[in-house]
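Step one of this worksheet: look at the structure below.
The values are calculated or read from the model by the stated rules, or taken from the named source; none is laboratory data. On a predicted model such as this, the values are computed, not experimentally measured, just so you know. Cβ sites come from the backbone with ideal geometry, for glycine too, and all protein chains shown count toward neighbours. The area values use the complete protein model at the heavy-atom level, side chains included, leaving out ligands, DNA and RNA. Shrake-Rupley method; radii C 1.70, N 1.55, O 1.52, S 1.80 Å.
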Amino acid sequence: MCSSVSVCVFVREFASVCERLAVCLSVCEPVCVCVPTMPLPVPEVPASRRLTLDCRFLLDHRVGRGVCGCCGALRPRYKRLVDNIFPEDPEDGLVKANMEKLTFYALSAPEKLDRIGAYLSERLSRDVARHRYGYVCIAMEALDQLLMACHCQSINLFVESFLKMVRKLLEADKPNLQILGTNSFVKFANIEEDTASYHRSYDFFVSRFSEMCHSSYEDPDIRTKIRMAGINGLQGVVRKTVNDDLQSNIWDPQHMDKIVPSLLFNLQSGEGTESRSPSPLQASEKEKESPAELTERCFRELLGRAAYGNIKNAVTPVLMHLDNHSLWEGKTFAVRCFKIIMYSIQSQHSHLVIQQLLGHLDANSKNSATVRAGIVEVLLEAAAIASSGSVGPTVLEVFNTLLRQLRLSVDYELTGSYDASGNIGIKIIKTHEERQLQEAVIRTIGSFANTLPTYQRSEVMLFIMGKIPVPGVHPALTNAGSGGCEGIRMIQIMLLKSLVQVTTGFQTTNMLTALPNSFLEPLLSFSLMEDPEVRLLVLTILLSVIDRHDNTPKFSSISIISDISVLKLKVDKCSRQDNLFMKKHAQQLYRHIYLACKEQSSGPQHFETLYTLLALISMELANEEVVVDLIRLALALQELAQTNEESLSVYNRCAVHALSAAYLNLICQLTTVPTFCQHIHEVIEMRQKEVPFLLPEDVFIENPKLPASLEKLEGDVLFQQSKITEVLGGSGYNTDRLATPYIPQFTDEDRLSKRKSIGETISLQVEVESRNSPEKEERTPAEEITFETLKNAIVDSVGMEEQERERRRQVVEKFQKAPFEEIAAHCGARATLLQSKLNQIFEITIRPPPSPSGTISSGYGQTQSRSVPVYEMKFPDLCVY
């Protein structure tokens, strides 16, 4: 067979065909065209049929629309079907009947989908270049319908052509084409593909949609449409890639750094225009949605899809955006962003956001107070939204960070400046800004504490207590930081305020665990500080911990209440754990209440708080013994104001008298002993007539009318201990204890806690005294502990150890070498000594207890104890079950 075939064309109508074959035509003249022979697919095909196939193959692979007229039959069927969906006039729109044929063909022959897509892409590119936008819209509509209809393994190749066309539209300058391409991409994103794609990339779409979100087009309406299209596009990209493991990870920083700032930009831009959105009567639901609303919906969807390992990558761009645009200072937008974040992410991931915010707060430690306050406010809102797991596994680390920021703020306030971050240099601070920051940190500490269970809150209370500096006990703190003593005082106040926030709403069933020694003792030691603000904070903390039935607001002011039933107090029976707590710590509490009343700097708030504390102890922790002790304490306070050994002012003496009267009026109604109530009311009535300035209604007012001096009072205006003992003894109370005046026992702790100035250095003194006989006057002199005594103690302990080892060696040697008789005599002497000691102990313990009626005389003029039957003996409460 020849290497070429000569085709002679003489008819004018074939001129267009020859143009498609790239042959120079001359009308009405013969033209010879050399076409290379294609290999025959089937040898048995006749020559005429082979010529037709060769021409068809050539026409099929030529760029252009193809032949028309009588040669249309030479084109592939898929091209003919695609061409038929385009009308003569693009305004007529897609030819639906032909579109149905094309869809049926694509479903019947899915292997042709890639060629259909490539041909449609070719036509769309040509129409875009020629500005025939009507045909562009028709092509995209056809592509959308084919995508929605075809789900098969061959769709991946078709999608490549589709994405190529969408990219072409997004690269165009016309806003309408960008919006058209975005809408088609969103439709595609909503399709769930049956097969995975290994090579598809969406990096261009992330960049382009993010750019559209920042559009600055002149026409505001078109600009809004472009931005909304960009937001929709980003939402489509997220939907398409977030759950596809084969795609590039959309959570990578390179993508999140584009997506999140674009969303926040539109969220922020819509804050001022939200009020101008059209009413429902003016626009449909879809049309009236603003970019800010659409952005919020998209942002929530993005965060809702974030897994545990992706939270950091999603939140970090938010922090950077707020930093770069100085949005922390305004607080409103930052709080709004993190509210969206906290409500959108899964609840078990809340602590990750909290940890990032805390880390960001540390990173901005040298930034302005307004920036730090903004971050703290966001933390406050985030903690309120998050569930009980918001703090996460590192509970104490959260509070440690906040306390560190609190201390830094105090240092900045005292110094007045700090080294700013970057190369700014020294920055002068504003005191009121630092104060606002400190208050925000304290509120945030309380907000975090409210999310914790009781046992963790107790740990936080101990942790904060351990952070409070105590001059004298921690001498290094006296000169630490800036401001010296004033700095330590401010830190103490701030940490105590934090404790107030942590203990607010604290509920516990076991007071022993709520107020352990490690917490109660240092707390009470601060109640003896000279600073009135410190003392008031300590009393407030005690109220919060002790009050378990929300009775505190009912005692907000001191007054004489004739009938306490109007207060509707909630009183429960004292539990066994509460009894143990009071047996262990009651004397401490009484002593500190008594000493607090002796402070010259105590004001109305202090006395009101002390009254509330006495009332709460009476209702929460009182048994018969505690009631007796509280009455003794109230009478001791009256005696304190009466004798005035502490040289108290007239106001303080009247206030102590009023406090005692108000509390006795309360406790007499709680005990429900009529004669006791009668005596208290008689004294109160007498005071109202003769000395009204000894009652709370005349003392705790704005301008109290007090005498110039207060002489020693006598007669019926005082509460009589003997009378109270008599009336309560008839009701079964311990008269011996009631008749004994209350005298506080001063301890080393009280002397160490009492400081005339907060920065005074105090030497520790240890006093050895007999606890069992407090009335004993002979005491050993105090021993001062110095460096030399400590050094000698260490040296002596080493010598003692050597002597102990030598003594043991001698004992072992004696038992190894001494004769048996000597060893037996030595052991016998020790056994005799032990037996004599045991006999003394048994004699003391077996001796019958004294009779309640006293002793009786024997015939020889000696007194002996009368035995009492077992059933008449009075045993301590702890021995009776």
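What is the stretch 548-750 by shape, rounded, prolate or oblate, if you read a ≥ b ≥ c off the alpha carbon gyration tensor as root eigenvalues and call it rounded for a/c under 1.5, prolate for a/b larger than b/c, and oblate otherwise?
On the way: a/c = 1.34, a/b = 1.27, b/c = 1.06.
Since a/c stays below 1.5, the shape of the stretch 548-750 is classed as rounded.
Give the distance, in whole Å, between the Cα centre of the stretch 105-139 and the Cα centre of the stretch 506-572.
That distance is 80 Å.
Rolling a 1.4 Å sphere over the protein heavy atoms, what is the accessible area per residue of the stretch 283-375, to the nearest Å²?
Values: 3720 Å² over 93 residues.
Each residue of the stretch 283-375 exposes 40 Å² on average to a 1.4 Å probe.
Does the stretch 637-687 come out rounded, prolate or oblate by the C-alpha gyration tensor, with a ≥ b ≥ c the root eigenvalues, rounded set by a/c under 1.5 and, if not, prolate when a/b is larger than b/c and oblate if not? Write down the numbers at each step before the final one.
On the way: a/c = 2.89, a/b = 2.45, b/c = 1.18.
Cα axes put the stretch 637-687 in the prolate bin.
Give, rounded to the nearest 20 debye, the magnitude of the charge dipole that the stretch 73-197 has about its Cα centre when Lys and Arg contribute +1 at Cβ and Asp and Glu contribute -1 at Cβ.
Values: 17 positive and 18 negative charges, 88 e Å.
The dipole magnitude comes to about 420 debye.
Would you mind working out the accessible area per residue for the stretch 548-750, using a 1.4 Å probe, and quoting it in Å²?
Accessible area per residue, the stretch 548-750: 44 Å².
Let's test the formula: R0 of 60 Å, r as the Cβ-Cβ distance of Ser125 and Ser518. What FRET efficiency results, to the nearest 0.05? Intermediate results must be reported in sequence, preceding the final value.
On the way: r = 79 Å, r/R0 = 1.31.
After rounding to 0.05, the efficiency reads 0.15.
Take each of the peptides 127-135, 806-814, average the number of other beta-carbon atoms within 10 Å over its residues, and list them starting from the highest.
Numbers: 127-135: 14.7, 806-814: 10.2.
Result, highest mean first: 127-135, 806-814.
Using a 1.4 Å probe on the protein heavy atoms, what percent of the accessible area of the stretch 548-750 belongs to carbon and sulfur? Could you put the intermediate results ahead of the total?
Working: 4310 of 8950 Å².
Carbon plus sulfur share of accessible area: 48 percent.
Over the stretch 73-197, with every protein chain in place, what whole percent of the accessible area is carbon and sulfur at 1.4 Å, could you tell me?
Working: 2860 of 5930 Å².
It is 48 percent, rounded to a whole number.
Quick check: from the Cα gyration tensor, does the stretch 73-197 come out rounded (a/c under 1.5), prolate or oblate?
On the way: a/c = 1.70, a/b = 1.09, b/c = 1.56.
Because a/c hits 1.5 or more and a/b fails to exceed b/c, the stretch 73-197 counts as oblate.
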